[in-house]
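To start, the structure under review is shown below, and the notes come after it.
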Protein chains: 2
Amino acid sequence: MPEAPELVAIAVRADVFEAALDDALRAGARAIVAITAGLGERDQAGLTLQRAAAERVRAAGAVLVGPNCLGVADTGTELNLTWDAIQPGSVGLISQSGNLGLELVQLAQAAGLGFSRFISVGNQADLDAAESLQALIDHGPTRAITLYVEDFGDGRAFASIAGSAAAAGKPVVLLTIGATAASARVAHSHTGALVSDSVAVDAACRSSGMYRVQTPLQMIDLLQVLLAPRRPNGRRVAIAGDGGGHVALAADRLIARGLQVETFSDQLAARLSSMLPPTATTRNPVDIAGAGEEDIVNFERVVRLIAQSGEADAILLTGYFGGYSEQSEDYRRSEMEVAGTMASAAHDAGRLFVVHTMYPASPTSQHLRRLGVPVYADIDAAARALGRLADRMVNPALGVPAPLPSPTPSATVPTDYFGTRHLLAVAGIPFGEARPVESEPAAIEAASAIGYPVVLKALGSLHKSEAGGVRLAIAGADQLIEAFREMHARLHAAAFSVEKEAPLALGVELLMGVKRDRHFGPIALVGLGGIHAELFSDLAVAFAPVSAGQGVGLIRSLRAAELLIGRRDARPLDLEAAADALAALSRFAAARPEVDEVEINPLLVLERGVLALDARLVRQSAEP
Amino acid sequence: MPEAPELVAIAVRADVFEAALDDALRAGARAIVAITAGLGERDQAGLTLQRAAAERVRAAGAVLVGPNCLGVADTGTELNLTWDAIQPGSVGLISQSGNLGLELVQLAQAAGLGFSRFISVGNQADLDAAESLQALIDHGPTRAITLYVEDFGDGRAFASIAGSAAAAGKPVVLLTIGATAASARVAHSHTGALVSDSVAVDAACRSSGMYRVQTPLQMIDLLQVLLAPRRPNGRRVAIAGDGGGHVALAADRLIARGLQVETFSDQLAARLSSMLPPTATTRNPVDIAGAGEEDIVNFERVVRLIAQSGEADAILLTGYFGGYSEQSEDYRRSEMEVAGTMASAAHDAGRLFVVHTMYPASPTSQHLRRLGVPVYADIDAAARALGRLADRMVNPALGVPAPLPSPTPSATVPTDYFGTRHLLAVAGIPFGEARPVESEPAAIEAASAIGYPVVLKALGSLHKSEAGGVRLAIAGADQLIEAFREMHARLHAAAFSVEKEAPLALGVELLMGVKRDRHFGPIALVGLGGIHAELFSDLAVAFAPVSAGQGVGLIRSLRAAELLIGRRDARPLDLEAAADALAALSRFAAARPEVDEVEINPLLVLERGVLALDARLVRQSAEP
């Protein structure tokens, strides 16, 4: 080579990778992009080789991307080491999967979005997703960042960087896998990743403000509204279209996604009526009932009037509009002009303007996208994206807690029932009265002291109530003896707990706990008690520790929150006390690295105060 | 005209519609397609005119489609009175919205699906959706039927016809609106429709076997698998692809949609391993890890092996495949050939074969669609469609009950609490002990007779517990007096009920009821008690009356069913008794047209038997 290369891409077989790397470093390369696969993701020997390679690169003062990656691209400098053309734009893309990265590129192109930089990080032997994320935050032309990550490394550090991206006005959208054992198996083979529990990823998003999506298409759908020139300040959406079916369907979908389609004022409805045919609906949704076919400028008039009324935070145009430009040259000109003036009218009034159209690839649709207007082919995709913005307004990022103290040697925590109760009570969590017993006479004595009705629990099983190890509503000594003998015979339990029966009917039972994730550390979670949270997938999560104030936010974000807050005239339950308990539990577990998992289920929330009715603790095993 | 026209399309203004209709009938037209809008959907005068027009058409022995419609098409006879080209195919389409019909045509084309007939029924003055549905069932070339309907007319008759379509092997997919007040407002203006409650539409689907979808795109996504040459016999899906990210993501989405991605046997995994690189995963999902790039025939080998193994009911190929055909002429030939042999291998083994690809418009993707293989651009769309097939296996159509007896004059049903309890108890629903009281001494006497603890309810409010009109766990006379006075003062209640406290902690509370819909008649519903069913959108519904056997099916289809059936060693609750109560309640309400709504909330389900703890009844008002 005539001069030293700045960057060398290595795409040789694994068995000659080392030699190629040496050549590149010797030639003076400052950056290595290693496409080569079959190293760290293959076996221990490959991992060793990969680590050594990273060491050598660092020792040479260079940087390594990959191996097992698809390359990098920077559309600002026309660098493209991937195998597809990449449309320039303002989205930064970091992907641990080459093909998923390419799928995003394909989908983005259809949506009129382009990329500033694409970094396929592969096995992350040297440069990892977190460093790439930081680089994109510092990169001027990048306005939004998308991530496909399997292995988060130091998850807390990663989340902290993501949190600073949001603060810099660059939304971060995250796609990951590992929600199921099936995908976790693959990830390990794919990039050597040990994936995080899906709950931990959710917590990282709740704390850092990353938007989590489930598919590449959802990612692109969401990016469209995140990059739009206006952000709504509330949930109110106005719907307009030329056709009753479309506007009605849009209303159903928007409301299903948590948005509001509020009835317009008499004044606005009257002004709309005055310019539309008598069969039009003007209260929101607005069906202009053929007025667009008669004069295409009517679309603009309607959108302008709504935008200026202040009666909606966002305006959705749905249905046929966009398709005129496919009919004739004349129509093309007039529809594109109307599209432009409509978008300006909405933006000038500070309103987000979004379009769903039957003709998403038409000249007008492409024109709208160039103006920054999100355009969707699927009404539910539009509704889902708008719903995410609205959810974020209600549930903002909680913030990533300061780094946790490093593990210090501590007395081993007990995992037995009474030991756990004691520790948690000391930590500030109120428990109901309970006494350990191992014989029938002791049980009767305990029950007399506590006062009937009592509850008898067989100890020794982690999930007492599911195993039939809890007998409620024991009214007297005879019932107590019967229950004792029955459980003793059936469960072979040697130790029991006699407890005061709590006024279950007067409160609501929550589950709260902390689970330690290998990447993200301790995760606080709260939901409805028993198995309800799991059954209905209604769990609020965040990095532990959480403050009491954050705890209130988490509980309020549950669908089940309505049970606590009360409806109509019913008195609300003590949400603050529940949040205090969550904060105490999360502090307790966050400060003790040896606690792998701790759970209170149920925590009974009453009109005043809370009562923990059961607790269990799992110590971290010696094996990591 | 040289001879009498068989069909006349009328597209004149509303004020000259009548004259044009007369001309057409005079000329001998046997069918009128009325595009004209501004009649029945506009005002009373228009409705009168529209009705008269329908009468005249019928009197002339002719048939009327519309008015306010977009026309009809029959691709078998090259009749097309719509304003778009329609791809021929096997889907019959009935739509009350012209534009939504056109959107379906657009989306279907992208998915490689075509239409046999398109009937835009508009205001349904003469020919309605039900008759059109019957016509499509009888129409040989139609293999599946899609409906967009706002007004179901006689909903039971409609559902019966839909039920017979399923029996004829023609799946029916339904899109409708009216889930929200906002869309109901529009429907009334749009086609004059008074929409049904969304719950009633769900019941019609559960009873008749129609598939309900939420958007046009979901409709097309589902049609693809419904029209595929093989139907899976179980939930097990095998996933294959050349890329870990894609196959892992597919696993997460499929499992989220209720499918199973089971680990392959050692034998199958070993056979796959022997033909794939060492970095491949072979346990399901299968990541062939570059083997496809090395030799594209490896895709076929893998799919064939899986199909023949019998270890999956359906096979999903995900990711890059489909894109080779865009690279070069050589690749195009080989990829299309592999696509064909792969599809044959799966079909020959009786397995459904489905593809998700980054290149949904490529030559190979189009080729696959021509072979009947569903091809998706969005992995979640594929997962959702497969999930619907799996759900149907578990929850088959319940059948549409025989026509209900026509309303006969009957003694007016009482709507007060004790009157309702009495009627329902006679109907076979077990209630806990309760006594009406209006004074403190009477309350104390009642409580003594019943035995403490008791519950005190203030009567007169429909939603007692939400209004704070229920006091639980009253242990003695002092507490009873205090509760009586407090409720008397706060709620101004004059009448109370003293009731035996039920063992709430030992059971699970359900809600069950029957609601009368203007089109579909009485609808039976069941879910978790309190407001849980609503909060978590977990309600099972069907046409009333339901049998006890159907009641079991409904309760089992709830996500909440797990609470009743029990987990691990816990004993199951008396699901049969709950189903008996639902059957009794549904028979009661179905037989009494004057009952607009009746609800038991909660019904406590215990290990043995059930106890209704509250009931309310709403009589139909005189106004329809």
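Coordinate-derived values only; no laboratory data. If you're wondering where the values come from, they're calculated on a predicted model, not measured in any experiment. Positions of Cβ are generated from backbone atoms using ideal geometry, with glycine treated the same way; all protein chains shown enter the neighbour counts.
Could you compute how fast region A:306-439 diffuses translationally, taking Rh as the Kirkwood radius over C-alpha pairs and applying Stokes-Einstein at 25 °C with viscosity 0.890 mPa s? Give it in µm² per second.
123 µm²/s
Could you sort A:286-293, A:492-499 so that the peptide with the highest average Cβ count within 10 Å comes first and the rest follow in order?
For the peptides A:286-293, A:492-499, the packing ranking is A:286-293, A:492-499.
Can you give me the three principal axis dimensions of chain A from its C-alpha atoms, in Å, biggest first?
Principal axes ranked by extent give 95, 78, 36 Å for the Cα atoms.
Around residue A:101, under 15 Å between beta carbons, what's the net of Lys plus Arg minus Asp minus Glu among the other residues?
The answer is -4.
Among residues other than residue B:177 whose Cβ falls under 11 Å from its Cβ, what is the net charge (Lys/Arg +1, Asp/Glu -1)?
-1
Can you work out the Karplus-derived ³J(HN,Hα) for every residue in region B:211-224? Use 6.51 cos²θ - 1.76 cosθ + 1.60 with θ = phi - 60°, whole Hz, and x for glycine or proline.
Those phi angles translate into 8, 8, 10, 9, 8, x, 5, 4, 4, 5, 4, 6, 4, 4 Hz.
How well do other chains shield peptide B:295-307, expressed as the mean number of their Cβ atoms within 10 Å of each residue Cβ?
For peptide B:295-307, the averaged partner shielding equals 0.
Sort out for me the Cα centre separation of region A:38-55 from region B:582-624, rounded to whole Å.
Spelled out, the Cα-based centre of one part sits 68 Å from the other.
Checking the cross-link filter: which lysines have an alpha carbon closer than 20 Å to that of residue B:457, excluding same-chain neighbours under 8 positions apart?
Those lysines meeting the cut-off are B:500.
Quick one: grab Rg to one decimal and Dmax as a whole number for region B:117-185, Cα atoms only, in Å.
Cα-based Rg and Dmax for region B:117-185 come out at 12.4, 39 Å.
Based on the Kirkwood radius over alpha-carbon pairs, what is the Stokes-Einstein translational diffusion coefficient of the protein assembly as shown at 20 °C with 1.002 mPa s viscosity, in µm²/s?
D, rounded to a whole number, is 64 µm²/s.
In whole angstrom, how long is each semi-axis of the equivalent ellipsoid of region A:1-131, when you take the square root of 5 times every eigenvalue of its Cα gyration tensor and sort them from largest down?
26, 17, 12
Once region B:239-286 is represented by equal point scatterers at the alpha-carbon sites, with solvent omitted, what log10 I(q)/I(0) does the Debye formula produce at q = 0.15, 0.21, 0.25 Å⁻¹?
-0.38, -0.70, -0.91
With +1 assigned to the C-beta of every Lys and Arg and -1 to the C-beta of every Asp and Glu, and no other charges, what is the dipole magnitude of the protein assembly as shown about the Cα centre in debye, to the nearest 20?
800 debye
When the convex hull of the Cα atoms of region A:494-578 is projected onto a plane and the area is averaged over all directions, what value comes out in nm²?
Computing the convex hull of the Cα atoms and averaging its projections yields 8.0 nm².
For the protein assembly as shown, what is the calculated [θ] at 222 nm in deg cm²/dmol (nearest 500), taking -39500 (n - 2.57) for each run of four or more DSSP H residues and dividing by its residue count?
-12000 deg cm²/dmol
Ranked highest first by the average count of other Cβ atoms within 10 Å around their residues, in what order do A:164-170, A:48-54 fall?
Peptide ranking by packing, descending: A:48-54, A:164-170.
Report the Cα-based extents of region A:137-285 along its three principal axes, largest first, to the nearest Å.
65, 36, 23
Work out the P(r) tail for region B:4-73: percent of alpha carbon pairs separated by more than 14 Å, whole number.
I get 52 percent for the Cα pairs in region B:4-73 exceeding 14 Å.
Quick check: net charge around residue A:588, other residues with Cβ under 15 Å of its Cβ, Lys/Arg +1 and Asp/Glu -1?
+2
Using a label position 7 Å from Cα in the Cα→Cβ direction, what is the ascending list of nm distances from residue A:571 to the same site in the other copies?
3.6
Relative to the compact-globule scaling 2.2 N^0.38 Å, provide the ratio for the alpha-carbon radius of gyration of region B:193-267.
Cα-based Rg divided by the globular estimate yields 1.49.
With the contact rule set at Cα under 8 Å and sequence spacing of 6 or more, what percent relative contact order holds for region B:410-519?
Answer for region B:410-519 is 31 percent.
Which FRET efficiency value, to the nearest 0.05, is calculated for residue B:80 and residue B:4 with the Förster distance at 35 angstrom and r the Cβ-Cβ distance?
Result of the calculation: an efficiency of 0.95.
Could you work out, residue by residue across A:497-504, how many beta carbons of other chains sit within 10 Å of that residue's beta carbon, and then give the average as an integer?
Mean partner shielding for this stretch: 1.
What's the average, rounded to a whole number, of partner chain beta-carbon atoms within 10 Å of each residue's beta-carbon in A:252-265?
For this peptide, the per-residue mean of nearby foreign Cβ atoms is 3.
Got a sec to turn the phi values of region B:346-359 into Karplus ³J(HN,Hα) couplings, 6.51 cos²θ - 1.76 cosθ + 1.60 with θ = phi - 60°, whole Hz, x for Gly and Pro?
With the stated coefficients, region B:346-359 comes to 5, 5, 4, 7, x, 9, 6, 10, 10, 10, 10, 9, 5, 10 Hz.
Remind me, relative contact order of region B:1-114 in percent, using alpha carbon pairs under 8 angstrom and six or more residues apart?
Once divided by the residue count of region B:1-114, the mean separation gives 20 percent.
How large is the Kirkwood hydrodynamic radius of region B:270-352, counting all unique pairs of alpha carbons, in Å?
Over region B:270-352, the inverse of the mean reciprocal pair distance is 13.0 Å.
Quickly work out the residue B:445-to-residue B:422 label distance, labels modelled 7 Å from Cα along the C-beta direction, and quote it in nm with one decimal.
1.9 nm
Could you give me the radius of gyration and the Dmax of region B:87-128, taking only the C-alpha atoms into account and expressing both in angstrom?
Cα-based Rg and Dmax for region B:87-128 come out at 10.7, 33 Å.
Return the long-range amide H neighbours of residue A:313 (sequence gap of 5 or more, or a different chain), with a cut-off of under 5 Å between placed amide H atoms.
Long-range HN contacts for residue A:313: A:236, A:237, A:238.
Kindly give the semi-axes, whole Å and largest first, of the ellipsoid equivalent to region A:45-114, taking each as the square root of 5 times a Cα gyration tensor eigenvalue.
29, 14, 8
Evaluate the relative contact order of chain A (contact order divided by residue number), counting alpha-carbon pairs under 8 angstrom at least 6 apart; express in whole percent.
Once divided by the residue count of chain A, the mean separation gives 10 percent.
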